[in-house]
Amino acid sequence: MVDNNTNKHIYCPNPYILAEIMPYGNVYPCSCGWIRGYSFGNIFEQSFDEIWNGEKAKKFRQKLYDNDFSLCPGCQNLEILKEIHDKEPKLISEPPERILLGLDELCDVKCIFCRGENYKVDTNLIPKDKEDKLLEILSPWLEKAKYVKTNAVGEVFASKISRDLIKNIASKFPNVKFEIITNGIQCTKENLEKLNITDKISMMTVSLHAFTEKTYNKIVKGGNYKKVIKNIEYLSQMKKERKMDRFELHFTVTSINYKEILDIIKLCRRIDAKVRLLGLDCSRDLEETYNKINIQDKKHPDYNKLVKLVHSQEFLNAKDVVIQGHDYFVGLEPISFWDNLKNKIRNKCKIFGVL
């Protein structure tokens, strides 16, 4: 990743501007799956300075400057990092501009590719003696934050911890904008007004994963399709009235829903949203389900049908489609489908990862 002729380096901004604060308080400079769990530290055990500008943080930044990406083997953005520099490495950083919060796993649905029937929510992600001090603990991290994204590991509107934290951040840090990830069921006008953030939304992401109610019910157990669609219409109106900057629907591609990809693209066109097509993760206790629905696998009986669909002129002509591959777990090798797809339609679809 270095230009040998000029000794210039590819520059990754994440360890300077992004902090992902995840379950149990661990802090990551990027998606923890991409960097294989390399944590700068823990907000419940260390101070801001000890974490953000500690030895582990300096080591990470130095390695990236040296074009050593061994700590982030899962990165999907190396090929599109365009900015180069030849300055000395900056190992000490100002507080991050973007904070991603994933401190509560509580969710009001079970998607078949996310949580199995036996999955138990861990209620001990935050030490009991720290729950009432979350805003105080997070304040140094929020000092110069422009954006706060939540919830990365659960449902924000189902979690009192997440709701209270958003409301408190909005009150104490009025210039912060929020990026909300939700399944959409409780994302109503009333609930957004209770959080006092209707004028502070930078981005709203609704995980839909289906176009029809029948398909939705197969994927989202315990969901409410009609409520989600109603709330999506409200969010669409907010976007059209320029009360938020970006609006996305997430659609994890499986053998159950792939035939609805073109329909979801049309829906997004109507509601002024982007659609993000996600690769399938295999995690927790879901290997059996994963193998049945993993249409990205060349061995899957419907693989060629998916390939035909994404090479159709209608798909290739679609605008505002984002394709995001994922890491793979439980020892499974990465499937090449998404890499092949990105190479073939690079000029038709904008490819980028999180943040």
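The values are calculated or read from the model by the stated rules, or taken from the named source; none is laboratory data. For clarity, every value in this text was computed on a predicted model and none was experimentally measured. With ideal geometry, Cβ positions are generated from the backbone for all residues, glycine too; neighbour counts draw on all protein chains shown. Each accessible area value is taken on the protein alone, full model and side chains, heavy atoms only, with ligands, DNA and RNA left out. Shrake-Rupley method; radii C 1.70, N 1.55, O 1.52, S 1.80 Å.
Could you tell me whether the range 248-306 comes out rounded, prolate or oblate from its Cα gyration tensor? Rule is a ≥ b ≥ c as square roots of the eigenvalues, rounded for a/c under 1.5, then prolate if a/b exceeds b/c, otherwise oblate.
Oblate shape, in that a/c is at least 1.5 and b/c is the bigger or equal ratio.
Among the listed pairs 110/130; 160/274; 172/200; 110/227, which have their C-alpha atoms separated by more than 19 angstrom in this model?
Result: 110/130; 160/274 exceed 19 Å.
Where the accessible area of the range 10-162 is counted over protein heavy atoms with a 1.4 Å probe, how much of it, in %, is carbon and sulfur?
Answer for the range 10-162: carbon and sulfur cover 50 percent of the accessible area.
Solvent-accessible area per residue for the range 223-279 at a 1.4 Å probe radius, Å²?
Details: 2550 Å² over 57 residues.
Normalised by residue count, the accessible surface of the range 223-279 is 45 Å².
Taking K and R as +1 and D and E as -1, what net charge do the other residues with C-beta under 13 Å from the C-beta of residue 27 add up to?
Values: positive: 56, 98; negative: 20, 45, 49, 50.
In short, -2.
Ignoring ligands, DNA and RNA, please state the percent of accessible area on the range 244-305 from carbon and sulfur, probe 1.4 Å. Intermediate values should be presented prior to the final figure.
Values: 1230 of 2750 Å².
Ligands and nucleic acids excluded, carbon and sulfur give 45 percent.
Tally Lys and Arg at +1 and Asp and Glu at -1 over the other residues with C-beta under 15 Å from the C-beta of residue 173: what net charge comes out? Don't skip to the answer; put the middle values down first.
Working: positive: 98, 144, 146, 149, 167, 172, 177, 200; negative: 97, 136, 143, 164, 179, 199.
Net charge around residue 173: +2.
Note down the net charge around residue 220, summing +1 for each Lys or Arg and -1 for each Asp or Glu among other residues with Cβ under 13 Å from its Cβ.
+4
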